[in-house]
Every structure is written in C-alpha cells, then in structure tokens.
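Since the structure comes first, as structure tokens, the remarks are kept for the end.
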Amino acid sequence: MPNLDGGHYFFTAIVPIKNDVIVEHEGLRSSPVHMVREALETLPTALQSPEAVTVGIQSPFARSLRTHFARLVMLDQPFFNGRDHSDAVADALHGTDLLAAQPNDVLACPYLLVMIDFDPQAGANEPRRYCEELWTLMPRELEAVFRFCYGFSAVRDARSFADFLLPCQVETTMPFNDYWIGPPQLPSLSRALLVALPLIGVALPVIAALLHRVSWPTGLVLALVLGLAGLAVDVGIVMLHGARPLPAAPDASLRHVLKALYLQQAFTRFAIDHQGAAPQALGAAFRQFLATHRPRDLEGPTQNPGVIGS
C-alpha cells in the first residue's frame, strides 16, 4: 500500500474545480479558478521564516498534531514537454512534417492538487478519520478553498467533507521518508528459495527424460516452460515483498519530532552556557536540565507545530 509508508500516510487528491465563467461570492465576481487562487493566496503558511514569524499568522494546518506536511497546488493544464522523440534519419526518409502538431493532453477543467503527510491513528479508518478531524479543526479555511470545486455543495459536516474529498484520492506512488537515521531492519529474501524454484522446474523434466518417462523433446519443452514459471513466481515474490510499506522509524510521529526539535535547541543553549564548567556543577546543571525539559514527556515542554524555533 504505497499510500501508507514508513509509518506515515501520504494522502494525494486531485479535486476538479468548476468551469463556470463567472461566480459571485460575498460581493466578489470572478471565475471559480480565480476564487480558488485567491483563497490559496490568503491561506497563511507556517511560521517557518523570519518574515512569517513577524507577520505572526499561523497556518491552520498547524492546529493538527498529526500533520507533518501539507501542500495545495493549482493544476491548470499539464506541461507540454515538446514533440515525441523520433529518429532524424527515419523522419527524413518518411517525409515527416515536424511542424505538424502531435496529440497532447488537455484537462477538461482546472484541478486542485492536495498533498498531505500525516500520522495515521492505529486501528482508525484512514484517511477518512484524518479528513473528518481536519474539518473539525479548520472548517472555514477548507470551505474557502474547496467552495468552488465540483461536489462541495453537499458538504455539511466532517463526514460529508470526507465523502467529498476521498473519491478524489489518487494513489501515492512516490512517498518520502526522512526520519530514518540508519538503515531500517528489513528481512532479506532467501536466495536459496529464489534459485530453487526455477532450478526445480528445469531439473524435473530433465530427470524425467533421463529416466525415459518422457521423450527428450517433451522434456526440453517442459524444462523451458517450468523454468520460466519458476522465474515468474520469483518475480511475484519479489514484487509482493516490495509492495510492503517501509516500517516506521522509531519516534517519528509529529509529537516526537516536535519534542526532538525542542530538545535540540534547548540542549544547544545548555552546552553553550556550561562550557568549561566543573564536573560537579555540570552534573547538577544537567540534572536540572532533565527536570526542566522532561525529554520523555511529549506533552511538554515542546516546540509548537508550524514554527521555526522554540
């Protein structure tokens, strides 16, 4: 399940935006796509730059203690990458008109691309549970962004918002994980098993031919067929193991990450302040540091979500 990988859920949805020419909302008249652009333009980003900290308006996604990353992007039309590659000599021989337009993809309407990386809840029906939770945390902002999308008129509550968004979900085929600090302990496939399957498929017909149970032509054909079948089974085994999600990195939930960032900054200040301190004084100060910052307590003190520093 590529959507769930490394202990995180990578949600991707492509939501169609209405094609109406002009719509009116709260005294404004414009196209739906421009209304969505305006909503995205005014949606606050996280306080992760000095300029954003100065403004002080936090991203609504920071209200969720499960959201690692969120991005909303407008998709007007797919990029045109130029003509399909072809052989210049073959084009010259066939008289190919290189100025003649080739078919290219065109979207029937603009789309809103939604990408969110969040911590799934154990035993919960994800991503429905997360979508419903997100609506309870930021309904006004979500309504402003999705108001002019097809199907949003039926949204009344958290459940109907999930019903609206989930049919637009597409499979995430390239998730990313950056919380592993070492190689994960992944089980290795048995080389003996992978070699044995096609080898047995080849050996059995050959042995049968040697024992005159089948003719040599029949034995060779069976050896080829069963050997290829063994290789196909090997490929299936490899693909089955490859489709399994990457195991979760230790302490990789958002709460753990926020606590780690907080401790990193607090300990840096501690190390600077106690340079050259006597061992006894350093030990007492470190015990006070542990009592003050409580490294194992995820509830606090910790870094707030969506900020650049504690």
* Asked: Which values of log₁₀ I(q)/I(0), to two decimal places, follow from the Debye formula for region 154-289 at q = 0.09 Å⁻¹ with a uniform point scatterer at every Cα?
  -> -0.67
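Give the whole-number value, in cubic angstrom per residue, of the convex hull volume spanned by the C-alpha atoms of region 1-155.
Numbers: hull volume 32.5 nm³, N = 155.
It comes to 209 Å³ per residue, whole-number rounded.
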* Structure fact -> The summed charge of the R147 Cβ neighbourhood (under 13 Å; Lys/Arg +1, Asp/Glu -1) stands at -3
* Asked: Once the dipole of the chain is set up with Lys and Arg at +1 and Asp and Glu at -1 on Cβ about the Cα centre, which of G82, N19, V221 lies farthest towards its positive end?
  -> V221
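Placing unit charges on C-beta atoms (Lys and Arg positive, Asp and Glu negative, everything else neutral), compute the dipole magnitude of the chain about its Cα centre in debye, rounded to 20. Display every interim value, and only then the final one.
Values: 22 positive and 29 negative charges, 235 e Å.
In total the dipole reaches around 1120 debye.
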* About its Cα centre, what dipole magnitude does region 1-139 give when the only charges are +1 on Lys and Arg Cβ and -1 on Asp and Glu Cβ, stated in debye to the nearest 20? -> 460
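Could you order the peptides 56-64, 240-248 from most to least packed, using the average number of other C-beta atoms within 10 Å per residue?
Working: 56-64: 17.7, 240-248: 12.2.
Taking the mean over residues of other Cβ atoms within 10 Å, the ranking is 56-64, 240-248.
Which semi-axis lengths, in whole Å and largest first, follow from the square roots of five times the eigenvalues of the Cα gyration tensor of region 93-204? Can you show the working numbers first?
Details: eigenvalues 333, 213, 44 Å².
The equivalent ellipsoid of region 93-204 has semi-axes of 41, 33, 15 Å.
Work out which helices of the chain, taken as complete DSSP H runs, extend at least 30 Å along their axis over the Cα atoms and score a mean Kyte-Doolittle of 1.6 or more, then list them.
Working: long enough: 216-242 (38 Å, 1.76).
Span-like helices here: 216-242.
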* Structure fact -> Largest fluctuation, M138, M35, M239 only, Gaussian network model of the chain with Cα springs under 10 angstrom, belongs to M239
* To do: Would you mind counting up the charge near Y130? Only other residues with Cβ under 10 Å from its Cβ, with Lys and Arg at +1 and Asp and Glu at -1.
  => -1
* Structure fact -> Here, V73 and L186, labelled 7 Å along Cα→Cβ, have an inter-label distance in nm of 2.5
* **Top of V257, V238, V33 by mean-square fluctuation, Gaussian network on the chain, Cα under 10 Å** => V238
* **region 82-124-region 53-79 distance, computed between alpha-carbon centres (Å)** => 27
* Structure fact -> In Å, the Kirkwood estimate of hydrodynamic radius for the chain over Cα pairs equals 25.4
* Structure fact -> per DSSP, antiparallel bridges as share of beta bridges in the chain, % nearest 5, sits at 95
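Please compute, over every Cα-Cα pair in region 70-143, the percentage with a separation greater than 14 angstrom. The partial results should precede the final answer.
Values: 2056 of 2701 pairs.
Cα-Cα pairs in region 70-143 separated by more than 14 Å: 76 percent.
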* In whole percent, what relative contact order does the chain give with Cα contacts below 8 Å and a gap of six or more residues? -> 26
* When region 191-242 is reduced to its Cα atoms, the Kirkwood hydrodynamic radius in Å -> 11.2
* To do: Round to the nearest 0.05 the FRET efficiency obtained for A291 and E51 when R0 = 41 Å and r is the Cβ-Cβ distance.
  => 0.70
* Fully extended contour minus Cα-Cα distance, from I272 to H94, at 0.36 nm per residue -> 56.7 nm
* Asked: Using alpha-carbon positions, what is the distance between the centroids of region 254-310 and region 205-242, in Å?
  -> 62
* Structure fact -> Residues whose modelled amide H sits under 5 Å from the amide H of L4, counting only those 5 or more places away in sequence or on another chain, are F10
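Every number here is computed from the coordinates shown, using simple stated rules; none is lab data. Everything numeric in this text was worked out from a predicted model, so none of it was measured. With ideal geometry, Cβ positions are generated from the backbone for all residues, glycine too; neighbour counts draw on all protein chains shown.
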